[in-house]
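The values are calculated or read from the model by the stated rules, or taken from the named source; none is laboratory data. Source: prediction; values computed, not measured. Backbone-built Cβ (ideal geometry, glycine too); neighbour counts: all protein chains shown.
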Amino acid sequence: MKKYRCTICGYIYDEAVEKVKFADLPADWKCPLCGAPKEMFEEIIEEEKEEETKDNLTNVVNSEEEEDLRLLSNYEISLICSNLAKGCEKQYLEEEEHLFKELASYYESKEDSNNGTFNDVLDKVNNDLNELSSAMDIASSVGDRGAKRVITWALKTSNIIKYIIENYQKNGINYLKNTKIWVCDICGFVYIGNEVPSVCPICKVPSLKILEVK
């Protein structure tokens, strides 16, 4: 029997306890704690010592092939950009926040074109993930626990943003239809779902600090 760890919140799926193999779970199964999709789980290698295990999130969500953004209204594109800008603001990603705001303003004023792309933003997020991974190596080498905690938060929230953008590109507005968007006011964790989590799976603050994006 194997165990799998959610790379966002750390939830452990134990096949021995659940009595169902992870591979047999439905494709739309989600983490019961943070709502992360099945593909964001990684197998736990028992031989590894826990203190030597580091979060490696740079390649968690990799599309097998690039897909064009489905045709959306300019208002819909502007709205998602505005919401993502707020998520970036919470985690102090100034460049990404600025770029999302520019995209939101552009599509808000646009009349006819629906041909938008988030590839430039994804490049920025991937670059941040690579730099954060390097920073984690440095913090680990000097034993700076405080820095490691902050970097871990940034890695996880940046990876969530990456997943949301890519999933939105694949599914269009249907991805956000009839659901809500929540952002942790402390660490920037972004959650898609109707009910707010009781606690933030990343920084552990109570739900009153997880705000709905209107």
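Overview of results
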read-out	value
Test: residue in the range 22-33 that is under 29 Å from Asp185 (Cβ atoms), modelled with pLDDT under 85 and within 20 Å of the chain's Cα centre (by Cα)	yes
Check on Ser105, among the small types (Gly, Ala, Ser), surrounded by fewer than 18 Cβ atoms within 10 Å (Cβ to Cβ) and within 16 Å of Asn74 (Cα to Cα)	yes
Among residues of the range 165-185, those that are aliphatic (A, V, I, L, M) and surrounded by fewer than 17 Cβ atoms within 10 Å (Cβ to Cβ), counted	1
Filter pass, Leu208 being crowded, with 19+ Cβ neighbours inside 10 Å and modelled with pLDDT of 85 or more	no
